[in-house]
1. Would you pick out the residues in region B:69-101 that are crowded, with 18+ Cβ neighbours inside 10 Å and assigned to a loop (DSSP other than H, G, I, E, B)?
2. Of the residues that make up region B:15-22, is at least one surrounded by 21 or more Cβ atoms within 10 Å (Cβ to Cβ) and touching a strand residue (DSSP E or B) at 6+ places or on another chain (Cβ under 6 Å)?
3. If you take the residues in region A:98-113 that are among the polar types (S, T, N, Q) and within 7 Å of chain B (Cβ to nearest Cβ), which one is surrounded by the fewest Cβ atoms within 10 Å (Cβ to Cβ)?
4. Report, ordered by the first and then the second residue, all pairs with beta carbons closer than 6 Å, sequence separation of six or more or different chains, a first member in region B:53-81 that is closer than 18 Å to B:Y36 by Cα and in contact (Cβ under 8 Å) with a residue 24 or more places away in the chain, and a second member that is surrounded by 18 or more Cβ atoms within 10 Å (Cβ to Cβ) and charged (D, E, K, R).
5. Do the conditions hold for B:Q2, that is, is it touching a strand residue (DSSP E or B) at 6+ places or on another chain (Cβ under 8 Å), in contact (Cβ under 8 Å) with a residue 12 or more places away in the chain and surrounded by 19 or more Cβ atoms within 10 Å (Cβ to Cβ)?
6. Of all residues in region B:26-45 being under 13 Å from B:F74 (Cα atoms) and surrounded by 21 or more Cβ atoms within 10 Å (Cβ to Cβ), which is nearest to the other protein chains (Cβ to nearest Cβ)?
7. When you scan region A:59-79, do you find a residue that is over 22 Å from B:Q42 (Cα atoms), within 14 Å of chain B (Cβ to nearest Cβ) and not in a loop (DSSP other than H, G, I, E, B), even just one?
8. Of A:L39, A:L30, which residue is facing another protein chain (nearest Cβ under 10 Å), farther than 24 Å from B:A1 by Cα and over 13 Å from the mean Cα position of the chain (by Cα)?
Amino acid sequence: EPEVTQTPSHQVTQMGQEVILRCVPISNHLYFYWYRQILGQKVEFLVSFYNNEISEKSEIFDDQFSVERPDGSNFTLKIRSTKLEDSAMYFCASIMTDSDTEAFFGQGTRLTVV
Amino acid sequence: AQSVTQLGSHVSVSEGALVLLRCNYSSSVPPYLFWYVQYPNQGLQLLLKYTSAATLVKGINGFEAEFKKSETSFHLTKPSAHMSDAAEYFCAVSESTASKLTFGTGTRLQVTL
């Protein structure tokens, strides 16, 4: 069964460093998303991406964050100058077409900023 | 703007008992509604979804939910809890196809012997 794949599963980084979280969405999906879940809190939308550009972003997604689809398969989230409060589980999701509602989620990357 | 309220951050039931997890939503347009389950240290798995077809929706693992527009609710139920149902459950809403999800704060379901 096709699935969304995220790497790494856990990343530890020092405050101030840059991290790149990687996702491989399901191959025929067109809409891509990043969400985050701070420990013990709800899942929050960060950004959506379609046709090689951001289609929507939340207030959380400021200049510290960027997304990219560098090739035909990967979808990355870059966090510059990480802060302690960036520690969270980051989920990638994809939806197949504009008439679909079901988002398929990856297993997540746990980011720990120390 | 859309929002979801899940009443009860923790719910404990005995094995074999009815499971009822509450979800109320707010949406300016007819919503799409979802229940996701998250097992420890895992990602989000779709249990079921409402997309304006039948108001009673059946999902995986014996769960179902009923959309009640008059009550703006989408409560999740299962007639008989199993130990393997212990997990975190999230209700979510979206306002259109291929759009972002807005999640509730989640309900942790504990199943006891």
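The values are calculated or read from the model by the stated rules, or taken from the named source; none is laboratory data. Computed from a predicted structure; not experimentally measured. Here Cβ is always computed from backbone atoms with ideal geometry, including for glycine, and neighbour counts include all displayed protein chains.
1. B:A81, B:A98, B:S99, B:K100, B:L101
2. The answer is yes; a qualifying residue exists.
3. Taking region A:98-113 and keeping what is among the polar types (S, T, N, Q), we get A:99, A:101, A:107, A:109, A:112.
Then drop every residue that is not within 7 Å of chain B (Cβ to nearest Cβ), which leaves A:99, A:101, A:107.
Numbers: A:S99: 8, A:T101: 20, A:Q107: 18.
Checked region A:98-113; the qualifying residue surrounded by the fewest Cβ atoms within 10 Å (Cβ to Cβ) is A:S99.
4. Final answer for the pair search is B:F63/B:K78.
5. Values: touching a strand residue (DSSP E or B) at 6+ places or on another chain (Cβ under 8 Å): yes; in contact (Cβ under 8 Å) with a residue 12 or more places away in the chain: yes; surrounded by 19 or more Cβ atoms within 10 Å (Cβ to Cβ): no.
No.
6. B:Y32
7. Yes: region A:59-79 contains one or more residues that are over 22 Å from B:Q42 (Cα atoms), within 14 Å of chain B (Cβ to nearest Cβ) and not in a loop (DSSP other than H, G, I, E, B).
8. On the way: A:L39 fails: facing another protein chain (nearest Cβ under 10 Å).
Selected residue: A:L30, the only one of A:L39, A:L30 that is facing another protein chain (nearest Cβ under 10 Å), farther than 24 Å from B:A1 by Cα and over 13 Å from the mean Cα position of the chain (by Cα).
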